Each structure stands twice: as structure tokens, then as C-alpha cells.
1. Just to check your reading of the model, which residue among Val143, Val137 is in contact (Cβ under 8 Å) with a residue 12 or more places away in the chain, touching a Leu at 6+ places or on another chain (Cβ under 7 Å) and open to solvent by less than 30 Å² (accessible area, probe 1.4 Å)?
2. What number of residues in region 109-160 are farther than 26 Å from Gly80 by Cα and either touching an Asp or Glu at 6+ places or on another chain (Cβ under 8 Å) or among the small types (Gly, Ala, Ser) (or both)?
3. I'm told Asp167 meets every condition in (1) touching a helix residue (DSSP H, G or I) at 6+ places or on another chain (Cβ under 8 Å); (2) farther than 24 Å from Pro97 by Cβ except one. Can you identify the failing condition by its number?
4. Need the failing condition index for Asp64 against (1) charged (D, E, K, R); (2) surrounded by 24 or more Cβ atoms within 10 Å (Cβ to Cβ); (3) within 25 Å of Ala119 (Cβ to Cβ), just the number.
5. Hand me the list of helices (runs of 4 or more DSSP H) wholly inside region 88-184 holding 2 or more residues that are closer than 26 Å to Ala76 by Cα and of a type in the set (Asp, Glu).
6. Restricting to region 34-65, count the residues that are over 20 Å from the mean Cα position of the chain (by Cα), over 14 Å from Asp84 (Cβ atoms) and part of a loop (DSSP other than H, G, I, E, B).
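The values are calculated or read from the model by the stated rules, or taken from the named source; none is laboratory data. All values reported here derive from a predicted model rather than from experimental measurement. Glycine gets a Cβ as well: all are built from the backbone with ideal geometry, and neighbour counts include every protein chain shown. The area values use the complete protein model at the heavy-atom level, side chains included, leaving out ligands, DNA and RNA. Shrake-Rupley method; radii C 1.70, N 1.55, O 1.52, S 1.80 Å.
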Amino acid sequence: MRPYSIFAVFLLAAGMSGAAGAGQLVIGQTAAAACYKAAEAQNYSRSAWRTCTEALDEDMSRRDRAATHINRGIVAAGGGRIDDALSDYQTAIRMRPEIGEGYANRGTVFRTQKRFDAALADFDKALSLGVKEPHLVHFNRAVVLEQTGRVKEAYFDYKKASELAPDWDMPRRELERFTVTETG
């Protein structure tokens, strides 16, 4: 059961400042599985959030509980409940610190809060642990790097995002803004 969705998908699609996050799969006909499906489908309704909350009352493994917190965090963040999302991501990280998506999604929240150092630390941690969609983490890290004046590093993260997801046009569009010159 590995349902983590990337919150960055929501934030970027909505035009918000986002980071990378990912939903965690929970298998079966449970409220936890329904919560995962809501996060993946970008269903950020109050009803979806209630389903995720009910899921946390179910008997499940520690990994699935952490996954459900990540998924509920995605639903909460997408619905504009950023404090609830941050709380869920922090709970998931405490429960299963080896799941990169918890850090990716929390980094997204930190990015929206303009807590850039914290966002970069979480994006780096997410990439070191591994995430389902690393191109989103690289893209969102690039945005933060650019916002903090680290333009050269941002360029390389946009480039990496483009290499990892060649059909995704957002990093390509960002790269078009750059002029690369050789210095000698």
C-alpha cells in the first residue's frame, strides 16, 4: 500500500507556489483506499477530507497510517487548509521518516509559506529518500532556488525536471527564459 500523491501537481495546476508531494497508495475497499483515490484525483472537497479522517480510525499498518496522513494532507492542502496539511505531513514524517513523499509535500507547504530554507531541506531529503515523481521535486526546488537568487542552481533543477519528464512542458517553458553562456 503505497499511495502518496504529489501535492506539487495541485499547486502548480492551481497556479499557486507549490513543491513536490506525493500520495501514497492504500489498497482495498477501505476508507484509506478512498482517501488515496481522492488525493490522486485531486478531489479536495470536505467530503474527501472526512473520508480520509474516517480512514484514520481503521485498523491498518503503520506504513498505511502514515500514507493516509500524507493523502489527507494533500486533500487538506488542495482545499486550502494548509495548517491541517502541514500537521498531517509532520505526523507522517514522525511515523515513517523514510517515506520521501512526506518531505516533498511538507516542502511544498513550506514553499507556499515562503519558508524557503525549510522547503529546500525537505526537497533535498525527499530526493535522497526517493519519491514516486522526482521531476516534481526538482521543479519545485528550482522555483525556490530561483526565488532565493540561486539562479544557476535553479537552471540545473529545471533541466533535471525536464530530463526526468520529457513530455512535461512546464520545466521546458521555464528553461526557455534562461540564456546559457560559456565563461572562460
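1. It is Val137.
2. 6
3. (1)
4. Only one criterion in (1) charged (D, E, K, R); (2) surrounded by 24 or more Cβ atoms within 10 Å (Cβ to Cβ); (3) within 25 Å of Ala119 (Cβ to Cβ) is unmet by Asp64, namely (3).
5. By residue number, 116-129.
6. Summing the residues that are over 20 Å from the mean Cα position of the chain (by Cα), over 14 Å from Asp84 (Cβ atoms) and part of a loop (DSSP other than H, G, I, E, B) in region 34-65 gives 5.
Listed here are the residues, each with its yes/no results for (1) open to solvent by 40 Å² or more (accessible area, probe 1.4 Å); (2) under 25 Å from Gln29 (Cα atoms); (3) at pLDDT below 95.
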residue	(1), (2), (3)
Asn43	yes, yes, no
Gly73	no, yes, no
Gln90	yes, no, no
Ala126	no, no, no
